[in-house]
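The values are calculated or read from the model by the stated rules, or taken from the named source; none is laboratory data. Bear in mind that the values here come from a model prediction, so they are computed numbers and not experimental data. Heads up, the Cβs are rebuilt from the backbone with ideal geometry, glycines too, and the neighbour counts pull from every protein chain shown. The protein model used for the area step is the full one, side chains on, heavy atoms only, and it has no ligands, DNA or RNA in it. Shrake-Rupley method; radii C 1.70, N 1.55, O 1.52, S 1.80 Å.
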Amino acid sequence: MAIITEQMYPIFLILAEIFGLLSVILVGLLFDGRVYKDTYDWPNNPFTYHPLMMTLGLVFCYGNAILLYRTFRTVPKLFVKIGHALFLILSLVLGIFGFIAIIRSKNLGKRPHFMTYHSWLGLATLILFVFQWICGFVCFLFPQMSLEIRKTYMPSHRLWGKVIFMSAVIAVLTGLSEYGMGSSFFTPNDVERKRRLIMDFFCVFTSLFALVVIYLLSNPEYQRPPEEHAED
């Protein structure tokens, strides 16, 4: 049974990647010039980059980063650690770019900051992300804590990784729904039907991506086997 379960991992991983890539493509189309008149414009409308950067960084890249230990179970652990850290840096850089985009957009429009649950959750997610990365880097990579400390901290590290990922997913979904409610997405004449459908399907595929990632993280059959030399 365990062998059959392990053989299912690549199938679920491919499904997750398909759902994740579809999410990124759809959110990228939201401000595409062929779909909407207000296309990507950093000087005048930096908000156009906000949904894409947050989805690409805090959802797609982060989701893949936390799966690396299970995806590359036979690769030497040090290499996976480095890849995990680098992937998270990329995720954080994209997230910060998206954060700067919304801050700049609010400043240009002279609108108040952090007035909604979405904004509070997004900021909290970024802050937790930074602390999680620092703690993980110090504990597991450099200077690397003792084996006893690493074993004690590992369950918390895994838990907070899932919490941050799900917080990012919820922030992205609530943010786009908030954006849709503030535009003409949900009007009786459905004047922006194309963009509304893009947003609706984006939410569907993002949710599916998150569900598969959490399943792969929660199934003990997919966990990386213990190292022969635990002190490495």
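Using the Cα centre as the reference, give the magnitude of the dipole from point charges on the C-beta atoms of the chain (Lys, Arg: +1; Asp, Glu: -1; all else neutral), rounded to the nearest 20 debye. Walk me through the intermediate numbers first.
Values: 19 positive and 15 negative charges, 108 e Å.
Computed charge dipole of the chain: roughly 520 debye.
Residues in the stretch 1-222 average 53 Å² of solvent-accessible surface per residue, probe 1.4 Å, ligands and nucleic acids excluded. Within the same chain, lysines fewer than 8 places from residue 162 are excluded, and of the rest, those with a Cα less than 29 Å from its Cα are 77, 81, 151.
Solvent-accessible area of residue 47, all protein chains in place: 40 Å² (probe radius 1.4 Å, heavy atoms, ligands and nucleic acids excluded). Per-residue surface analysis assigns residue 146 an accessible area of about 60 Å², computed on protein heavy atoms at 1.4 Å probe radius. Among complete DSSP H helices in the chain, those whose alpha-carbon atoms stretch at least 27 Å along the helix's long axis and whose mean Kyte-Doolittle hydropathy reaches 1.6 are 2-29. Its relative contact order, with pairs defined as Cα atoms under 8 Å and 6+ residues apart, puts the chain at 33 percent.
Computed per residue of the chain from DSSP H runs no shorter than four, each worth -39500 (n - 2.57), the mean residue ellipticity at 222 nm is -23000 deg cm²/dmol. Take the Cβ atoms of residue 183 and residue 42, set R0 to 35 Å, and the FRET efficiency comes out at 0.95. Eigen-decomposition of the gyration tensor built on the alpha-carbon atoms of the stretch 88-150 gives equivalent ellipsoid semi-axes of 33, 12, 7 angstrom, largest listed first.
Annotation: residue 179 carries an accessible surface of approximately 50 Å², with a 1.4 Å probe and no ligand, DNA or RNA atoms counted. Convex hull of alpha carbon positions in the chain: directionally averaged projected area 14.4 nm².
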